[in-house]
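Note sheet for the following structure.
The values are calculated or read from the model by the stated rules, or taken from the named source; none is laboratory data. Computed from a predicted model, the values in this text were never measured in an experiment. In this analysis, Cβ positions are derived from the backbone assuming ideal geometry, glycine residues included, and neighbour counts consider all displayed protein chains. Please note that ligands, DNA and RNA were not included when accessible areas were found on the heavy atoms of the full protein model with its side chains. Shrake-Rupley method; radii C 1.70, N 1.55, O 1.52, S 1.80 Å.
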Amino acid sequence: MIRKGVAAIVFRKDKGRTKYLLLKRKLNWKGWEILKGGCKLFESEDKCLKREIKEEIGMSEFSVKKTKIFNKFKYQKLFQKDNRLYSGARHRIYLVEVFSKRIKIDKKEHSGFKWVLQKEALKIIAWDDQRKIFKRVTKKLG
């Protein structure tokens, strides 16, 4: 079974430059990633996105642009959530602009965060699929 979810490229404008938020993953694997999460049973993607933003970075004010892009991937091993076994996930990609650099991360999932320029993000994002999508979605923002 494939788990439905959302992923967000979170950014803010800083003195005419665009900075992107990356989260340092510590649960299940270690490395830098974009904000992402699975939808609960019967939860819409839009509600899932708002919940994930609140849970993972503590933000409640932001601007959202839904893309038509999806990231599909297989898990390295079966993942169990809510009495269901998943072999992979399919995340809709969103662009999320925030207006503050203050972040309150979920310390169960992440050990840190940083605001980076696009070039640095492309160097440190852990997964190739996330890097490709990040590059595709952000090419107009810089």
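Every residue, every condition in (1) touching a helix residue (DSSP H, G or I) at 6+ places or on another chain (Cβ under 9 Å); (2) over 20 Å from Val137 (Cα atoms); (3) modelled with pLDDT of 95 or more; (4) surrounded by 17 or more Cβ atoms within 10 Å (Cβ to Cβ), yes or no:
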{"site": "Asn28", "(1), (2), (3), (4)": "no, yes, no, no"}
{"site": "Leu49", "(1), (2), (3), (4)": "no, no, yes, yes"}
{"site": "Arg92", "(1), (2), (3), (4)": "yes, no, yes, yes"}
{"site": "Glu97", "(1), (2), (3), (4)": "no, no, yes, no"}
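There is no residue in region 64-80 that is assigned to a loop (DSSP other than H, G, I, E, B), open to solvent by 90 Å² or more (accessible area, probe 1.4 Å) and either among the aliphatic types (A, V, I, L, M) or at pLDDT below 95 (or both). Scanning region 82-138 for residues that are of a type in the set (Lys, Arg) and part of a helix (DSSP H, G or I), which turns out nearest to the chain's Cα centre (by Cα)? Here the answer is Arg131. Out of Lys40, Lys107, Lys114, Lys101, one residue alone is at pLDDT 95 or above and either open to solvent by 60 Å² or more (accessible area, probe 1.4 Å) or in contact with a strand residue (DSSP E or B) (Cβ under 6 Å, 6 or more places away or on another chain) (or both). It is Lys114. Filter region 2-43 down to residues that are assigned to a loop (DSSP other than H, G, I, E, B) and closer than 14 Å to His91 by Cα, then give me how many there are. Selection size over region 2-43: 4.
Of all residue pairs spaced 6 or more apart or on separate chains, those with beta-carbon atoms under 6 Å, a first member in region 53-81 that is in contact (Cβ under 8 Å) with a residue 60 or more places away in the chain and a second member that is not aliphatic (A, V, I, L, M) are Asn71/His91; Asn71/Asp129; Lys72/Arg90; Phe79/Tyr86. Beta carbons closer than 8 Å, at least 6 apart along the sequence or on distinct chains, never pair a first residue in region 102-117 that is within 12 Å of Lys24 (Cβ to Cβ) with a second that is assigned to a strand (DSSP E or B) and modelled with pLDDT under 90.
Of all residue pairs spaced 6 or more apart or on separate chains, none has beta-carbon atoms under 9 Å together with a first member in region 125-139 that is under 15 Å from Leu21 (Cβ atoms) and open to solvent by less than 20 Å² (accessible area, probe 1.4 Å) and a second member that is part of a helix (DSSP H, G or I) and of a type in the set (Ser, Thr, Tyr).
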